[in-house]
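Reading through the structure tokens given below for one structure.
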Amino acid sequence: MSAGGHKLNLSAGIASVVVALLLVGLKMWALQETGALSVAASLADSALDLLVSMTGLMAIIYAARPADDDHRFGHTSAEDLAALGQAVLLAGVAVYIGYGAVARLFADVPPQLKNETSGIYVMAISIAITLALVLWQRRVVKRTGSKVVAADSLHYVADLIPNIGAMVALAVSSYWALPQLDSIVAILAAIILLYGAFRIGGKAFDALMDRAASPETMVRLGGIIAAHPGLHGYHDLKTRTAGSTLFVQVHIELDGAQSLHAAHDIGKALKQEILQAYPQADVIIHKDLAREKHDT
């Protein structure tokens, strides 16, 4: 990854930690003021976000280390390991919140909320801060393709719905005295968190298992290679992902009568064309004679 891409990922990681710290402080105060389970769910999620963001920041720093003798393909898989850990933690918190919300919903005497206005203000501030962070994270992901930043962004997108739900629950409790809505919002928040955990974990697991790139990526790569001038064909196109890096390996078939210099120039130009389409790629091109027969 380029130095500029690493700096963008690092800025997103630092911003995430700072925002998580701020949100945890705000929601702790709001929970103390209101006693709302929907606020507690949002607080638990923000506390998890803080842990996740700190882990993600360390993963970003570690993943940026250059390849060495022990890690010849670099350290970008640290991003996938961190994302998988995030998913497991997120799923655990979702189950915990959902269980507590169901228990409160069917309680004989649901606890009454208090100081709802203070909680509403805190949730509104939290939404504004979260939106600003998500917009920055998405810009970084678009530039760098970082899985850690993308996973972190999903956490905060998921935060928006519970925060909005908590605002609604507090408002309804304030005006119509319906504390049950607080538990319902918390249950919905738990479902959203659980879905996000499976989505993040699935992508990280696929990367760690060296699953090929998406069908769309494979088709696009095949089109780039097939249309490149000077090639008589190609075979054994293989891909995998690790963190934000796409690894591409392909055998191209060249005219054996041309000079080694000419063959090298064709391979170099193809590599540059692939990198233009996928800047975060690591490309290995093998050159074969066109007249040789290969299994495809």
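The values are calculated or read from the model by the stated rules, or taken from the named source; none is laboratory data. None of these values were measured; they are calculated from a predicted model. Quick reminder, even Gly has a Cβ in these numbers, built from the backbone with ideal geometry, and neighbours come from all protein chains shown.
Things to note:
- Among (1) out of contact with any strand residue (DSSP E or B) (no Cβ under 7 Å at 6 or more places or on another chain); (2) under 17 Å from residue 283 (Cα atoms) - the single one residue 252 does not satisfy: (1)
- Top-ranked residue of region 55-72 - restricted to ones that are touching a Ser or Thr at 6+ places or on another chain (Cβ under 9 Å) and surrounded by 15 or more Cβ atoms within 10 Å (Cβ to Cβ), ranked as modelled with the highest pLDDT: 57
- Hey, residue 171 modelled with pLDDT of 75 or more and surrounded by 21 or more Cβ atoms within 10 Å (Cβ to Cβ) or not: no
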